[in-house]
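Contents: one structure, followed by commentary.
The values are calculated or read from the model by the stated rules, or taken from the named source; none is laboratory data. Since the model is a prediction, treat every value here as computed from it, not as a measurement. Cβ atoms come from the backbone with ideal geometry, glycine included; neighbour counts cover every protein chain shown.
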């Protein structure tokens with residue numbers, strides 16, 4: 001490694017000099033500047049807290065959180081708007097009576113374990129009576 | 001520059017009455033060497049000034065704990081090198097830059113630096129040095145420009161002499177190829 005000219009002839013031709021410069025009197029003034037910095041009071045809790053808060057990575061995290069919450073609340077607002085009221089549903093069925101099958105709807109209600117069908121015993125007694133006495137439902141309606 | 005030895009400066013520093021005076025002498029003794037060392041890493045004068053100030057503040061805070069197992073100047077160089085590298089890493093993170101973009105940013109900063117007055121070939125040499133990986137750049141600067149011994153660099157960078165010689169050899173070969181390539 002001693003003979004630079006053999007392994008790097010072009011590099012060894014370049015004059016070794018320092019082309020970096022400093023402002024005038026920089027090294028004369030520098031010790032005083034450092035001494036002043038060292039003598040300064042240590043930073044207060046508030047300034048340290050502000051520095052912590054204003055760090056770029058915290059700004060980035062905070063921005064991401066803000067974007068997330070804004071997006072979430074916008075989506076949520078649209079979701080709520082999609083919920084139809086009972087009147088809307090009734091109106092839809094009135095206007096589109098041919099679009100749904102009543103039997104399917106009844107099957108769904110009967111088979112859905114979440115829907116509780118009230119046990120109307122009075123109706124059962126009347127139906128049983130009509131059947132037992134062989135009374136036709138339409139005859140009865142006409143008589144009334 | 002101070003004529004006091006490092007041992008004398010340390011002994012003054014440990015005496016509360018002479019503490020500030022001793023530190024002032026220490027800054028005067030080492031500021032230039034540390035400045036040029038940091039400048040070759042971070043390139044820009046303003047950045048170098050910030051890093052050098054932080055380096056001396058850390059030195060002031062840690063000097064009481066300095067055990068004279070190693071030379072004072074080795075310890076100072078180690079702090080300066082760490083500060084400069086930390087500064088570059090922070091800069092890269094702040095601008096969300098990958099390494100290659102940071103190097104091109106340093107080249108741009110060199111070209112527009114009013115405190116750099118090298119001619120075309122000197123600028124080419126600096127660009128070649130900036131194209132090196134971080135470790136090779138450090139070793140090349142310390143060996144080629146600062147003319148430090150491998151043993152000293154080894155203590156500062158905590159790397160074996162053999163590894164440093166290999167890094168320097170690779171750095172020289174790459175710089176030679178860069179200069180040769182840009183001349184053709």
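Listed values, structure above:
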item: Residue satisfying all of: in the stretch A:5-31; within 7 Å of chain B (Cβ to nearest Cβ) and part of a helix (DSSP H, G or I); modelled with the lowest pLDDT among these; result: A:7
item: Test: residue in the stretch B:94-113 that is farther than 24 Å from residue B:53 by Cα, away from chain A (no Cβ under 13 Å) and modelled with pLDDT of 85 or more; result: no
item: Test set (1) in contact with a helix residue (DSSP H, G or I) (Cβ under 8 Å, 6 or more places away or on another chain); (2) under 30 Å from residue B:126 (Cβ atoms) - residue B:46 fails condition number; result: (1)
item: Selection count, the stretch B:115-157, where residues are part of a loop (DSSP other than H, G, I, E, B) and in contact (Cβ under 8 Å) with a residue 24 or more places away in the chain; result: 4
item: Looking only at the stretch B:50-62, and only at residues there that are surrounded by fewer than 20 Cβ atoms within 10 Å (Cβ to Cβ), within 12 Å of chain A (Cβ to nearest Cβ) and in contact with a helix residue (DSSP H, G or I) (Cβ under 8 Å, 6 or more places away or on another chain), the one that is nearest to residue B:91 (Cα to Cα); result: B:50
item: Residues that are part of a helix (DSSP H, G or I) and surrounded by 15 or more Cβ atoms within 10 Å (Cβ to Cβ), drawn from the stretch B:1-17; result: B:6, B:9, B:10, B:12, B:13
